[in-house]
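The values are calculated or read from the model by the stated rules, or taken from the named source; none is laboratory data. The structure displayed is predicted, hence computed values, not measured ones. Note that we place each Cβ from the backbone using ideal geometry, even for glycine, and neighbour counts take in every protein chain shown. SASA here: full protein model, heavy atoms, side chains in, ligands and nucleic acids out. Shrake-Rupley method; radii C 1.70, N 1.55, O 1.52, S 1.80 Å.
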Amino acid sequence: MQIALTGVIVWALWRAGKEALGELRQLGERGISLRVSWGWCVAAGVCYAASLLPAAWFWERVLRSAQQKASFGKVLRAYLVGQIGKYVPGKACVVIVRTALVAGNCVQPVMAAASVFVETLTMMSVGAALATLYLIIRVPSNSSLLWTSIALAIVVTVPTLPPFFKPILRLLAVRGNRPEVLAAVDRINFVQLWEGWAAMLLLWIGFGASLGLVLRAIELPGFVFAPSGSAILGAIPPLVASVALATVGGFLILFLPGGLGARELILAAVLAPYLASRCLVGGNVSGEVVALVAAVMLRLVWLATEIILALVMWLLPYVAGMFRGIRPAIEKSSSPLAK
């Protein structure tokens, strides 16, 4: 089973990378002369990696509130390794991988899986709310995007409210004859919801900053993105709203691995007006083209970051185990009694 699951994930990652590189080649075929500063891309990847920490923290808080005991290190490993499961069509692979890695004697699988849904939907709920707020204030004329954002916000927010998801957990506990799970469910309340919103606010700001760094890395004729001072604060709302609405929209299209295609189109639609008004200084490039290039580059940067994080976190226990085994042998060979 593990071999089959690993094979599916590797295939999905290969396909995602191939499609992203294919889109990049298509941009070249359209005559877009693109140069990239890889140092800024690395910074964008680091920013994205750091932004995932609040989500892992919130997932650990949900588990703890449900009386499921798991160290933050174990939760973080399961979260980062499971992140690459979203590229498998259907996105159920995320739940499977995270649940398998965090479940154990002190964590019930049903609660682990339920907590994954709570964490993920809370992230999407906050993202949709931020995008909706931005569209209402800055782009009220785009009614199609605004109503899409409102609908997405409702769809992903309602299931995270305790009055809605707690009955589902109770039903699972009763059917599984798990009284300890039933008792744990009653301890979950709105406190965890507010903790989640605070954590996910940090996550989305980090995601927006990662997009900004990708824009800084892009070198196109007539395009300059180097805000400073108060301009940085002005750039944060459109960046966060763009990446949030694109990610939420891509997430809800279940048959697309990682929201491929849909995410790029939504991001370009939200971001293009801001770029056209603030960042174009001439040339033949348009705001739509810049936004599309940024969306493709952002996907590549995030995909590379997720693969590296997943590999490191997956191998870390095995590497640590090797060193634990080597250390006693070294100490024994260097001791006076061994000579």
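Values as computed for the structure displayed
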{"item": "Inter-site label distance for residue 158 and residue 144 at 7 Å from Cα along Cβ, in nm", "result": "2.5"}
{"item": "Virtual paramagnetic centre 7 Å along Cα→Cβ of residue 265, amide N under 20 Å, in segment 292-309", "result": "292-300"}
{"item": "Using θ = phi - 60° and Karplus 6.51 cos²θ - 1.76 cosθ + 1.60, couplings along segment 12-19 (whole Hz; Gly, Pro as x)", "result": "5, 5, 4, 5, 4, x, 4, 5"}
{"item": "Spin-label model distance (nm) - residue 151 vs residue 276, 7 Å beyond Cα toward Cβ", "result": "2.3"}
{"item": "Sequence of 110, 75 when ordered by accessible area, the most exposed leading, probe 1.4 angstrom", "result": "110, 75"}
{"item": "Where 152, 202 fall by accessible area, highest first, once all protein chains stay in place (1.4 Å)", "result": "202, 152"}
{"item": "FRET efficiency for residue 21 and residue 105, using Cβ-Cβ distance with R0 set to 41 Å, rounded to 0.05", "result": "0.40"}
{"item": "At R0 = 30 Å, FRET efficiency that the Cβ-Cβ distance of residue 37 and residue 64 yields, to 0.05", "result": "0.10"}
{"item": "Full-stretch length increase - residue 286, residue 201 - with 0.36 nm per residue and alpha-carbon distance subtracted", "result": "27.5 nm"}
{"item": "Accessible area of residue 69 in the full protein assembly, 1.4 Å probe (Å², nearest 10)", "result": "150"}
{"item": "Listed residues 138, 35, 15 arranged by accessible area, highest first, probe 1.4 Å", "result": "35, 138, 15"}
{"item": "Where a label projected 7 Å from the Cα of residue 194 along Cα→Cβ would reach, residues of segment 32-72 with amide N under 14 Å", "result": "none"}
